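Data first, discussion second: the structure below is written as structure tokens.
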């Protein structure tokens, strides 16, 4: 069994290894961790939410952000304490690239230590556990997508692997249910569907695996109960998305298949060749220029050094890992979409974790050098298979593949020599050190991502270059027509706010970046997930809505419309719409036309009341969650609000509920009964299902408290094991294990 001292030492080595990996990556590309969704969605969102939290406002809804303002649905993690800390610190950070990189480094260390804990939970030696932990943040998909761009998948995976380790330890009586509850809660409150489903799959496979291993149901039943308590506690974060899905882009529950980002199982044969460029359909066509399916250079060749006959004796003990890996491998190949779960390649990091854990545990427990020549030949054959598969996918880079083959074979031979002469810890150290130049070479050779926005890094520089637009601004622009040379502060980014860019500036923009989307509103202005609009959006914005006769921009109470000159080259040469005027902003004429209202800001007049018919209405108070007005209507009429009709709104008249309605399936409205005289009309919004969420959270907390009480009582029984370490196994190591 591993001593606590060794476990802590190699845990520290794991953390240092992740730092070294980050240094290698940053030497190859200083902006690697500040690209795509991180720069366009997450980092600006951290700044905005953090600012509102510091002001004492819970930012579940930001009304002027019509495109991306419902943060009870967005991937904001409002009920996730570590994510709230990220938000709170963000407004103090000027350089967002540095801040994002540091935050991601911390989370990657957490993820690596989680993998380390999973390996220890299954009885691996600490050096091999460290190998798996350090390898994971440098695996292909996780490095090039989750860490570089997709923050929610990155952070949720970090909590998920800790939940896995805690689940195994709890099932085997080495720890209580609270760690399972905490880590699952953190996974589920990131508000991203993939990790939630992956976590459920992990819990089920661990539970089944423990029944196979222990041949009794009790431990698995308790694990499922603890996981259920975490799911109940996390309902408050996830119910709003479920109950609002009918008005979002994610409301389609159909299952369908397409080839985009579905990964054939044969691509797993690329997992250990650093030069691999797998063949499946994605953004770059059929052959991908990034090592998306790469896991670790040693993973496949090392299979030759496992004593499989001895390992078969403990197959039941590792059945949970094998079941999890098999299930995830099947998922990677499709279907292409299961409701909101699209692009099955996104589960490649979980496949990487499962295979790293399985192989490193087997190497630790059953590794052997007996019959070395035969094993070396087998390793050579496996490397040859890696070459054939990678060459088949991308024969045009055959030289790079051959160099990779030589490198893997040479480093592998050096590891074998070092392990035999200096011990397995030294061999593991060389395995780890070899990962860093490989990561450097992979990142340096990677082409520029077509998804990068190339946003500036410093918020102060952004603010200094951008116009100081007051009020609410609607931008009609298309990111797709920006040229590479436009993407600088001296050019487009001094005038146009793409994605969540306006949040960096503290400006009130309708446009934003959202993976959720309000379907009717987005259709009304043909607005995309990044806030871009089609050319027809200008006509639509100033067209009258039939039932009210008011234009869309009037119903939205927009104060300013910014037009992208590349999309509307002659707009400013035509008369402004009635009630509007063209305004010059010196230094910004190259990229934008600007329309502003003749009579000043509309958004500050009469609160969020946008239109009335047969009703006299005066706003008396307003914030993001509650609006009070005084209304009178002798014959009955309608009030239309400059609010998206998100589920969760409630309207009362003198305390009595009124049914809500909509205008153009977008704007919230209410019909006022005849005879109303100076009545108080109150509009409130709460995340739908919030009361149920609070109730389920209380039940979940009570349930985990009960499970903890049962666990503590069981620990008092002297016949039960009181060992905080992995269960004792027969002593095996890489030198002495039987073949």
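Using only alpha carbon pairs under 8 Å that are at least six residues apart, calculate the relative contact order of region 195-291 and give it in whole percent. Numbers along the way, then the final one.
On the way: 56 pairs, mean separation 13.3, N = 97.
Computed value for region 195-291: 14 percent relative contact order.
When a footprinting reagent is the concern and you count Cβ atoms within 10 Å, what order do 482, 329 take, fewest first?
Details: 482 21, 329 18.
Least crowded to most crowded, the residues run 329, 482.
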Honestly region 390-543 on the Cα gyration tensor test (a ≥ b ≥ c root eigenvalues; a/c under 1.5 rounded, otherwise a/b vs b/c for prolate or oblate) is just prolate
So the compactness index of region 459-597, its C-alpha Rg divided by 2.2 N^0.38 Å, takes the value 1.00
Exposure-ranked with fewest Cβ neighbours within 10 Å first, 101, 155 stand as 101, 155
Computed over the chain: longest principal axis from alpha-carbon atoms vs helix 398-422 long axis, angle to nearest 10 degrees, is 50
Tilt, helix 319-332 to longest principal axis of the chain (alpha-carbon atoms), in degrees rounded to tens, equals 50
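Rounded to a whole number of µm²/s, how large is the Stokes-Einstein D of region 77-170 at 20 °C and 1.002 mPa s, given Rh as the Kirkwood radius over C-alpha pairs? Each step should come with its number before you reach the end.
Values: Rh = 14.0 Å.
Roughly 153 µm²/s, to the nearest whole number.
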Taking every C-alpha to C-alpha distance in region 2-98 and binning by 5 Å from 0, the per-bin percentages run 3, 11, 16, 17, 15, 12, 10, 9, 5, 2, 1, 0
Projected onto their principal axes, the Cα atoms of region 301-445 stretch, largest extent first, over whole-Å spans of 54, 43, 25
Classified through the alpha carbon gyration tensor (a ≥ b ≥ c as square roots of its eigenvalues; rounded if a/c is under 1.5, else prolate when a/b is larger than b/c, else oblate), region 220-349 comes out oblate
Counting only DSSP beta bridges with both partners in region 459-597, the antiparallel fraction in percent, to the nearest 5, comes to 60
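May I ask you to work out the translational diffusion coefficient for region 442-489 at 37 °C, viscosity 0.692 mPa s, via Stokes-Einstein with Rh from the Kirkwood sum over Cα pairs, reported in whole µm²/s?
Values: Rh = 13.6 Å.
It diffuses with D of about 241 µm²/s by this estimate.
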For the chain, the longest principal axis of the Cα atoms and the Cα long axis of helix 96-121 enclose an angle in degrees, to the nearest 10, of 40
Taking 298, 436 and counting other beta carbon atoms within 10 angstrom, the fewest-first order is 436, 298
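For a quick protection proxy, order the peptides 80-87, 688-695, 346-353 by their average other-Cβ count within 10 Å, most packed first.
Details: 80-87: 18.2, 688-695: 16.4, 346-353: 27.8.
Highest-to-lowest ranking by the protection proxy: 346-353, 80-87, 688-695.
Assign one of three labels to region 230-306, namely rounded, prolate or oblate, based on the Cα gyration tensor with a ≥ b ≥ c the square roots of its eigenvalues; rounded applies when a/c is under 1.5, prolate when it is not and a/b is larger than b/c, and oblate otherwise.
Working: a/c = 3.47, a/b = 1.79, b/c = 1.94.
Oblate is the answer for region 230-306, as a/c is 1.5 or above yet b/c matches or exceeds a/b.
In square nanometres and to one decimal, what's the mean projected area of the convex hull around the Cα atoms of the chain?
On the way: hull surface 134.0 nm².
For the chain, the mean projected area of the Cα convex hull comes to 33.5 nm².
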Quick numbers on region 590-668, Rg and Dmax over C-alpha atoms in Å, give 14.8, 54
For region 129-210, the Debye formula with one identical point scatterer on each Cα and no solvent gives log10 I(q)/I(0) at q = 0.16, 0.25 Å⁻¹ as -0.63, -1.21
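What ranking, highest mean first, results for peptides 30-39, 157-166, 240-249 when packing means the other Cβ atoms within 10 Å averaged over each residue?
On the way: 30-39: 22.4, 157-166: 28.0, 240-249: 18.8.
Result, highest mean first: 157-166, 30-39, 240-249.
Any read-out appearing in this document is the output of simple, stated calculations on the displayed coordinates, not a laboratory observation. Since the structure is predicted, the reported quantities are computational estimates derived from the model, not experimental observations. Neighbour counts run over all protein chains shown; Cβ positions are idealised from the backbone, glycine included.
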